[in-house]
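The values are calculated or read from the model by the stated rules, or taken from the named source; none is laboratory data. All of these numbers come straight from a predicted model, not from anything done at the bench. No Cβ is skipped: glycine too gets one built from the backbone with ideal geometry, and neighbour counts run over all protein chains shown.
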Amino acid sequence: MTEREKQLINAYLPSPPDETLEFGEYYILDDRDNKVKRVYIRDIGMGKHDDTVYGLRLSHNNQMYHGGCGYLTQHMYELYDNKEDCRNSTHLIYDDWERLRKIQREANA
């Protein structure tokens with residue numbers, strides 16, 4: 001792990017991951033009610049700027065998740081692997097946080 005990667009991990013991933021999340025499950029902060037929701041990725045597609053977007057469903061009832069602005073799709077930077085970082089929006093606008101989590105896990109193994 002490089003010094004820069006350590007800095008990024010400390011900034012964007014201050015809390016440990018929630019081990020109860022299943023593959024493809026994440027947390028998202030719903031702007032409508034400012035609550036953390038547990039969702040899973042149902043669809044993957046391309047956004048209008050050639051970026052990857054995700055269609056989400058709520059984990060507890062399988063309903064489509066519509067973002068705070070009514071969007072059907074979300075970006076990876078809006079998804080979190082623990083509630084605390086989600087509440088604090090620790091990696092908002094940083095899409096590559098999963099790579100950092102992988103580096104962190106490998107360094108701690």
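Of all residues being touching an Asp or Glu at 6+ places or on another chain (Cβ under 7 Å) and at pLDDT below 95 in the stretch 70-90, which is surrounded by the most Cβ atoms within 10 Å (Cβ to Cβ)? Just the residue, please.
MET76
Mind listing just one residue for me: the one in the stretch 22-66 that is of a type in the set (Gly, Ala, Ser) and surrounded by fewer than 17 Cβ atoms within 10 Å (Cβ to Cβ) and, of those, modelled with the highest pLDDT? Write out each step before concluding.
First, the residues of the stretch 22-66 that are of a type in the set (Gly, Ala, Ser): 24, 45, 47, 55, 59.
When the remaining residues are screened for being surrounded by fewer than 17 Cβ atoms within 10 Å (Cβ to Cβ), the result is 24, 45, 47, 55.
Details: GLY24: 94, GLY45: 88, GLY47: 79, GLY55: 88.
Across the stretch 22-66, the extreme among qualifying residues is GLY24.
Residues that are modelled with pLDDT of 90 or more, surrounded by 11 or more Cβ atoms within 10 Å (Cβ to Cβ) and either farther than 22 Å from ALA11 by Cβ or among the β-branched types (Val, Ile, Thr) (or both): does the stretch 92-100 have at least one?
no
How many of the residues in the stretch 1-51 are within 12 Å of the chain's Cα centre (by Cα), hydroxyl-bearing (Ser, Thr, Tyr) and not in a strand (DSSP E or B)?
Adding up the residues that qualify gives 1.
Just a yes or no: is a residue in the stretch 94-106 within 28 Å of GLN7 (Cα to Cα), assigned to a strand (DSSP E or B) and hydroxyl-bearing (Ser, Thr, Tyr)?
Keep residues of the stretch 94-106 that are within 28 Å of GLN7 (Cα to Cα), which gives 94-106.
Still in the list and also assigned to a strand (DSSP E or B): none.
Checking the stretch 94-106: not a single residue is within 28 Å of GLN7 (Cα to Cα), assigned to a strand (DSSP E or B) and hydroxyl-bearing (Ser, Thr, Tyr).
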